[in-house]
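A.B. asks: Structure provided below as structure tokens; questions to follow.
The values are calculated or read from the model by the stated rules, or taken from the named source; none is laboratory data. Because the structure is a prediction, the values reported are computed rather than measured. Quick reminder, even Gly has a Cβ in these numbers, built from the backbone with ideal geometry, and neighbours come from all protein chains shown. Ligands, DNA and RNA are stripped out before the accessible areas are found, and what is left, the full protein with its side chains, is counted by its heavy atoms. Shrake-Rupley method; radii C 1.70, N 1.55, O 1.52, S 1.80 Å.
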Amino acid sequence: MSRWLPKTYLTLVYILLYLPILVLVVFSFNSSRTGYRWGGLSLEWYQSLFNNHAMVQAMWNSLWLALVAATVSTIIGALTALALHRYRFRGKRMLRGMLFVVMMSPEIVLAISLLALFLLVGIQLGFISLLLAHVTFCLPFVVITVMARLSGFDESLPEAARDLGANDFTMTRTVLIPVIMPALLAGWLLGFTLSLDDVVVSTFVSGPSYEILPLRIYSMVRVGLKPEVNALGTLLLVFSLTMLMLSQWILTRSKR
Amino acid sequence: MKRRKGWPRMHRVFQQPFKTAVLLLVWGWLLLLVLTPNLLVVGASVMTRDPGSFLSLPLTLDSYRQLFDPLYLDVFLNSLYMAGVTTFFCLLIGYPFAWALSGLGKQRQTLLIFLLIVPFWTNSLVRTYALKLLLATNGLTNNTLMGLGLINEPLKMLYTEGAVIIGLVYLLLPFMILPLYSVFDDLKRELLMASHDLGAGKLSTFLHVTVPLTLPGVLAGVMLVLLPAMGLFFVADILGGSRNLLVGNVIKNQFLDARNWPFGAAASVLLTLAMAVLLFAHRLSQRRLGEEAQT
């Protein structure tokens, strides 16, 4: 009994975790308008999705934002991880602590604090405010991804580079960056996904000038059921799954 | 080279332009976009509401007093209760889950962890919406139950507190499982066997060895579930109808609709304080374990 009980339990939990997603995917191909009953196979919701100009625009806006936010946070996050790994400096513990707190704090706390800042400083709510906010919440995740990679890394290589006369910048470029490349890619993919999915922070810091996908979905699903959302959700699911598999593939391949 | 105490001398700063630039960049970012905004929120919470410019003087603690107004106190306590129930169910499901998972072969563990983080990478809004398909009055669950003849009338599940709790558990479960899995993964099987060899029964080993050793994971999980469970306003909006169910809804309404910034800020400070308490408890439990391991 003690053999099959844990396995049954695990299977059960996984079924519950995946059931809603499965239903969503199946219903995205449902031709029935009401959304609850099966009316036959159809692609009409995908069609109506791509005929919706505002939706397509929001999709592009989101992708562009996620691309820039992931890139900026990967650059800053990787540099931070390198600094934390290599240097002694004052306030190192505080820096780590602050990153940890950013990662742990409820999103809504971060959201309103940034809204307060943007309105006070006079940054118009739109692309720039979204970008600053997204980079901020992605940053700690990139830092820990890169730190994890650096912690398992042979210290003699950078020492050797230094002995051969390389300065910090050259050493970082020629030795460290190639070593942390997989972590950079994984961190970038994670940042991209976090940015693409964020609802809470974006609700506060976005303006009418730059509409992004999660907020458009939010306004659609607050009332009633919209079959287009099934189609959109399925697309997002396939997209995220691809990203995740890519990131896992990069990380495991580099370990060998 | 002898390391000097005190602030770095200028010539050292110029010797290491790379280090200086990196540190300036990250500190600049964190000070401008994390520390300053949070101080602003604390500042806003002790100011007076102003319809024109959001905030004005004089300084006052009225917003904190307003938190204890029965109307809002009810919301807060109810939100805390719902977050507590959510955390309880996450722990109830997650603890045995992490335990069972850590007992499997390494390769299978990797695969199952992957399957666990797939939802984490998929849009939470879309997943909340998917639950709506299952819970609606004429939704799948009701149709199935009625089709099987188990119930005659559809159960009212959507737009109840229960639906919101289901949604929160569904979204936050991986955040409970992952820290738990990491402590179970570190747990030395030898310790359990030693306890068994020393004559402890299964229950006794569980209570005196397994539970204390996995406590930091439990606390980390609680931290990652309890606070977001109070803040995820969109779950309450989508599954609970448009009522002020969670602290997150209150904060959002105060900032975006009612324009009462001081009050919204005070509510947020309250959440931050709750986080500080939980972080402290987590550190304490880790430190205690560290000391015990050394002796």
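A.B. asks: Within the bounds of segment A:45-65, is there any residue that is within 30 Å of A:Ala148 (Cα to Cα), open to solvent by less than 20 Å² (accessible area, probe 1.4 Å) and touching a residue at least 40 places away in the same chain (Cβ under 8 Å)?
C.D. replies: yes
A.B. asks: Here's another thing I want to ask about it. Out of all the residues in segment A:165-178, is one or more assigned to a helix (DSSP H, G or I) and modelled with pLDDT of 85 or more?
C.D. replies: No - not one qualifying residue is present in segment A:165-178.
A.B. asks: Where in segment B:79-157 are there helices (runs of 4 or more DSSP H), lying wholly inside it, with at least 2 residues that are open to solvent by 50 Å² or more (accessible area, probe 1.4 Å), out of contact with any helix residue (DSSP H, G or I) (no Cβ under 8 Å at 6 or more places or on another chain) and free of Cβ contacts under 8 Å to residues at least 24 places away in the same chain?
C.D. replies: B:106-121, B:140-147
A.B. asks: Given the conditions (1) more than 24 Å from B:Thr110 (Cα to Cα); (2) in contact (Cβ under 8 Å) with a residue 12 or more places away in the chain, and given that B:Leu172 satisfies all but one, which numbered condition is not satisfied?
C.D. replies: Only one criterion is unmet by B:Leu172, namely (1).
A.B. asks: Right, another one. Within the group B:Ala274, B:Ala229, B:Ala267, which residue is at pLDDT below 90, open to solvent by less than 10 Å² (accessible area, probe 1.4 Å) and within 11 Å of chain A (Cβ to nearest Cβ)?
C.D. replies: Answer to the check: B:Ala267.
A.B. asks: Same structure again: Based on this model, can you work out whether B:Leu67 counts as within 28 Å of B:Ile165 (Cβ to Cβ) and modelled with pLDDT under 85?
C.D. replies: Yes: the conditions hold for B:Leu67.
A.B. asks: I need the full set of residues from segment B:159-178 which are touching a Lys or Arg at 6+ places or on another chain (Cβ under 9 Å), more than 11 Å from chain A (Cβ to nearest Cβ) and open to solvent by less than 10 Å² (accessible area, probe 1.4 Å), in order please.
C.D. replies: B:Ala163
A.B. asks: For segment B:220-232, enumerate the residues that are closer than 20 Å to B:Tyr81 by Cβ and assigned to a helix (DSSP H, G or I).
C.D. replies: Of everything in segment B:220-232, those that are closer than 20 Å to B:Tyr81 by Cβ and assigned to a helix (DSSP H, G or I) turn out to be B:Gly221, B:Val222, B:Met223, B:Leu224, B:Val225, B:Leu226, B:Leu227, B:Pro228, B:Ala229, B:Met230, B:Gly231.
A.B. asks: Another question, then. Name the single residue that is farthest from the chain's Cα centre (by Cα) among those in segment B:120-135 being at the interface with chain A (Cβ under 7 Å from one of its Cβ atoms) and more than 17 Å from A:Ala231 (Cβ to Cβ).
C.D. replies: Going through the qualifying residues, I end up with B:Leu134.
A.B. asks: Using the structure shown, decide if B:Leu246 is exposed (fewer than 15 other Cβ atoms within 10 Å of the Cβ), under 15 Å from the mean Cα position of the chain (by Cα) and under 26 Å from A:Ser202 (Cβ atoms).
C.D. replies: Considered against the rule, which asks whether it is exposed (fewer than 15 other Cβ atoms within 10 Å of the Cβ), under 15 Å from the mean Cα position of the chain (by Cα) and under 26 Å from A:Ser202 (Cβ atoms), B:Leu246 comes out as no.
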